[in-house]
Amino acid sequence: MANYKVDFTSKDSSPSRDLSVTNLSIGHGQKVALDDLYEDGTVDQVYQAKARILNNSIQEIGMGKYQIYLFCCAGFGWFADSVWPLITGLILTPVINEFKFDGPFLSLAANIGLFVGAVIWSFGCDIWGRRWSFNLTLLIAGVFGLAAGGSQNFVTLASLIATLGVGVGGNLPVDSAVFLDLVPGTHQYLLTVMSVWWCLGQLVVSLLAWPLIANFSCASSTNCTRSENMGWRYLLFILGALTLLLWGIRFFVFKLFESPRFLVGIGKDAEAVEVIRMLAEYNSKTSNLTVDQLVNAGGMNPEKARVAQNERRVLSASSSLGWDHVKALFKTRKLAFSTSLLIFLWGKPFRWLIIRVSSLCTGIIGLASTLYNSFLPFLLESRGNAYGDGSLYITYRNTFILSVIGVPGAFLAGWAVELPYIGRKGTLAISSGLTGAFLFATTTARSSNALLGWNCGYTFFSNIMYGVLYAISPEVFPAKDRGTGNGLVFSATRVFSILAPIIALYANLETATPVYISGALIIFAGFLALLLPYEPRGKASI
């Protein structure tokens, strides 16, 4: 394949329109491959040429303090996505004792909010940009999380939980796009490591819930009053305040630069160059990227391009509320197959649902994990009661132990995805298979400690699985359509998250059937992962 090089020191230089391999020299003459995933014609070639130039610029600037701060601030989104969906399971027993309702309805309310948030913020960040979505999601979650702690009845609690879910639901789709847009291609694997924030969220909420709910909750539903049942309220107050603190750091301390690839995607080349300049300055580097280089890459006369940019609307035609971004993800057979398979991994059509609800999709991995994770607190408590140690203290102690186990899985995932011959697809397939195997093994437990041991294995490998899945999905979508792609896959799994509590209302939770279904589906998803046509290892996202 032919090479093209960009001279960043000359304002008049123009890159070749040969869109193939790009090599960049960094430090001591080392060459770093910056090929992207797409062959000619897969994505818009003007955008592809400009995106490669931007990739080169970001790679020349290198991994610096801005990206480190971004890793932390974007990680707050993973943290929130872990904390708030988990909270409905953790507070379920004391809330039921006080408000007297069917438990799955609380999960249903939360997941409806998460679905709405996934749709609004992920599709929206391709329309109005990343910064608004990035800065508002945590604010919504924190405000309504605090308010939920003061709920006087179930309807109020469910409504506030659903509203905070609207904020939480947009965190992962938006924050993964934000991180990929501003990190050098050689460090994209850090998106997989980002799942450590998800594990830390589980760890923090479990550590808080353990003493609060165990010590400040009614023993039963008999005469359970607010004053005797404050533990879950204390938990919501603390988590709401913590979420607002994280939002404050994002908004007041850290300044998010708009995605330069989003900007060139809507024709704002000058603004994209300015972002690259600010990024370089923040990292104590310099960049000689010019507007003319981007304009020339697009094959347009520089003067006409400046006039066009001055006349461009806030919401450009390419970012209209139409199907343009969706169509772009199905432009070629290979890209269409990749997008469809990712949606299928996150979402699987069930015939009995299609008969009743036109072409509704539910998540394979979302189905499996929601089935199992929704039932996990019940499983720990009910099996614990059968084994003679099902107290709230033991249940939340075990939840805390499982949270600790997940942390090293995030770092192992970041290492594994860069291994030759394994990469993202291999790591996803292996971790999915092992996750399913440990799920099956939990049904053999005959003691509380045995159940905890098998669940430790499940938690460890499922965190690897999710870390890779949350990374590979945005990596294979072009930046200008990445929010939309994230919206498609996250919406698929959120759909089943809505259906899972409905199933729970009618399912017999005393059996191991949900566990068997979950294990089989996760193993099946592992095999499907091997069919993905794109392997992001060693490639630069555009």
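Among the residues of segment 416-439, what is the count of those that are under 15 Å from Val515 (Cβ atoms), of a type outside the set (Val, Ile, Thr), at pLDDT 85 or above and surrounded by 19 or more Cβ atoms within 10 Å (Cβ to Cβ)?
Residues of segment 416-439 that are under 15 Å from Val515 (Cβ atoms), as a first pass: 435-439.
When the remaining residues are screened for being of a type outside the set (Val, Ile, Thr), the result is 436-439.
Narrowing the set further to residues that are at pLDDT 85 or above leaves 436-438.
After this cut, where a residue has to be surrounded by 19 or more Cβ atoms within 10 Å (Cβ to Cβ) as well, the list is 436, 438.
The qualifying residues number 2.
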Where the second residue is in a loop (DSSP other than H, G, I, E, B) and surrounded by fewer than 16 Cβ atoms within 10 Å (Cβ to Cβ) and the first is among the aliphatic types (A, V, I, L, M) and lies in segment 274-288, which pairs have Cβ atoms under 8 Å and are six or more apart or on separate chains?
Ala280/Thr286
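Listed here are the residues, each with its yes/no results for (1) within 29 Å of Glu475 (Cβ to Cβ); (2) open to solvent by less than 10 Å² (accessible area, probe 1.4 Å); (3) modelled with pLDDT under 95.
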position	(1), (2), (3)
Ala141	yes, yes, no
Leu146	no, no, no
Asn153	no, no, yes
Leu157	no, yes, no
Asn171	yes, yes, yes
Val174	yes, yes, yes
Val178	yes, yes, yes
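Residue-by-condition table, conditions (1) assigned to a loop (DSSP other than H, G, I, E, B); (2) open to solvent by 30 Å² or more (accessible area, probe 1.4 Å); (3) modelled with pLDDT of 90 or more:
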{"residue": "Ala445", "(1), (2), (3)": "yes, no, no"}
{"residue": "Asn449", "(1), (2), (3)": "no, yes, no"}
{"residue": "Ile464", "(1), (2), (3)": "no, no, yes"}
{"residue": "Thr493", "(1), (2), (3)": "no, no, no"}
Pair list, Cβ under 6 Å, 6 or more apart: segment 524-542 residue aromatic (Phe, Trp, Tyr), other residue part of a loop (DSSP other than H, G, I, E, B)
Tyr534/Leu37; Tyr534/Val476
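Could you pull out the residue among Phe252, Phe237, Phe262, Phe257 that is without any contact (Cβ under 8 Å) to a residue 60 or more places away in the chain and not acidic (Asp, Glu)? Reasoning before the result, please.
Working: Phe237 fails: without any contact (Cβ under 8 Å) to a residue 60 or more places away in the chain; Phe262 fails: without any contact (Cβ under 8 Å) to a residue 60 or more places away in the chain; Phe257 fails: without any contact (Cβ under 8 Å) to a residue 60 or more places away in the chain.
Just one listed residue meets the conditions, Phe252.
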Filter segment 208-217 down to residues that are part of a helix (DSSP H, G or I) and open to solvent by 10 Å² or more (accessible area, probe 1.4 Å) and give me whichever is farthest from Asp126 (Cα to Cα).
Asn215
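If I filter segment 314-326 for residues that are modelled with pLDDT under 90, touching a helix residue (DSSP H, G or I) at 6+ places or on another chain (Cβ under 7 Å), closer than 13 Å to Asp126 by Cα and crowded, with 21+ Cβ neighbours inside 10 Å, do I get at least one hit? Give the steps one after another, and end with the answer.
To start, the set of residues in segment 314-326 that are modelled with pLDDT under 90 comprises 314-326.
Those still in the list that are touching a helix residue (DSSP H, G or I) at 6+ places or on another chain (Cβ under 7 Å) too: 318, 324-326.
Narrowing further to those that are closer than 13 Å to Asp126 by Cα: 318, 324-326.
Still in the running and crowded, with 21+ Cβ neighbours inside 10 Å: 325.
Checked segment 314-326: at least one residue is modelled with pLDDT under 90, touching a helix residue (DSSP H, G or I) at 6+ places or on another chain (Cβ under 7 Å), closer than 13 Å to Asp126 by Cα and crowded, with 21+ Cβ neighbours inside 10 Å.
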In segment 452-468, which residues are aliphatic (A, V, I, L, M) and out of contact with any Ser or Thr (no Cβ under 6 Å at 6 or more places or on another chain)?
Leu452
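Looking at Val183, Val253, Val205, which one is more than 23 Å from Ile401 (Cα to Cα), hydrophobic (A, V, I, L, M, F, W, C) and open to solvent by less than 10 Å² (accessible area, probe 1.4 Å)? Please lay out each step first, then the result.
On the way: Val253 fails: open to solvent by less than 10 Å² (accessible area, probe 1.4 Å); Val205 fails: more than 23 Å from Ile401 (Cα to Cα).
Exactly one residue qualifies, and that residue is Val183.
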Can you spot a residue in segment 495-506 that is under 28 Å from Ser206 (Cβ atoms), open to solvent by 10 Å² or more (accessible area, probe 1.4 Å), modelled with pLDDT under 90 and of a type in the set (Phe, Trp, Tyr)?
no
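With respect to Val166, is the statement that it is open to solvent by 10 Å² or more (accessible area, probe 1.4 Å) and within 18 Å of the chain's Cα centre (by Cα) true? First the steps, then the outcome.
On the way: open to solvent by 10 Å² or more (accessible area, probe 1.4 Å): yes; within 18 Å of the chain's Cα centre (by Cα): yes.
So Val166 fits the description; yes.
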Within segment 89-114, residues open to solvent by less than 20 Å² (accessible area, probe 1.4 Å) and more than 13 Å from Ile498 (Cα to Cα) come out as Leu90, Ile91, Pro94, Val95, Gly103
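Among the residues of segment 256-291, which ones are of a type in the set (Val, Ile, Thr) and buried (at least 18 other Cβ atoms within 10 Å of the Cβ)? Walk me through how you get there before you give the answer.
Restricting attention to segment 256-291, the residues satisfying the condition of being of a type in the set (Val, Ile, Thr) are 264, 266, 273, 275-276, 286, 290-291.
Listed by number, the residues that qualify are Val264, Ile266, Val273, Val275, Ile276, Thr290, Val291.
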Under the condition of being modelled with pLDDT of 85 or more and not aliphatic (A, V, I, L, M), which residue from segment 507-530 is surrounded by the fewest Cβ atoms within 10 Å (Cβ to Cβ)?
Phe527
I'm trying to understand the selection: among the residues of segment 158-194, which are among the polar types (S, T, N, Q) and out of contact with any Phe, Trp or Tyr (no Cβ under 6 Å at 6 or more places or on another chain)?
Ser159, Asn171, Ser176, Thr186, Gln188, Thr192
Single residue of segment 255-278 satisfying the filter (among the aliphatic types (A, V, I, L, M) and part of a loop (DSSP other than H, G, I, E, B)) that is nearest to Asp44 (Cα to Cα)
Ile266
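Taking the criterion of being over 16 Å from the mean Cα position of the chain (by Cα), under 18 Å from Leu70 (Cα atoms) and crowded, with 23+ Cβ neighbours inside 10 Å, would at least one residue in segment 238-245 satisfy it? It would help to see each step written out before you state the result.
Of segment 238-245, the ones over 16 Å from the mean Cα position of the chain (by Cα) are 238-245.
Checking the rest, the ones that are also under 18 Å from Leu70 (Cα atoms) come to 243-245.
Subsequent filtering for residues that are crowded, with 23+ Cβ neighbours inside 10 Å retains 243.
There is at least one residue in segment 238-245 that is over 16 Å from the mean Cα position of the chain (by Cα), under 18 Å from Leu70 (Cα atoms) and crowded, with 23+ Cβ neighbours inside 10 Å.
The values are calculated or read from the model by the stated rules, or taken from the named source; none is laboratory data. Everything numeric in this text was worked out from a predicted model, so none of it was measured. As a convention, Cβ positions derive from the backbone with ideal geometry for all residues, glycine included, and neighbour counts pool all protein chains shown. What goes into the accessible areas is simple: the full protein's heavy atoms, side chains included, and nothing from ligands, DNA or RNA. Shrake-Rupley method; radii C 1.70, N 1.55, O 1.52, S 1.80 Å.
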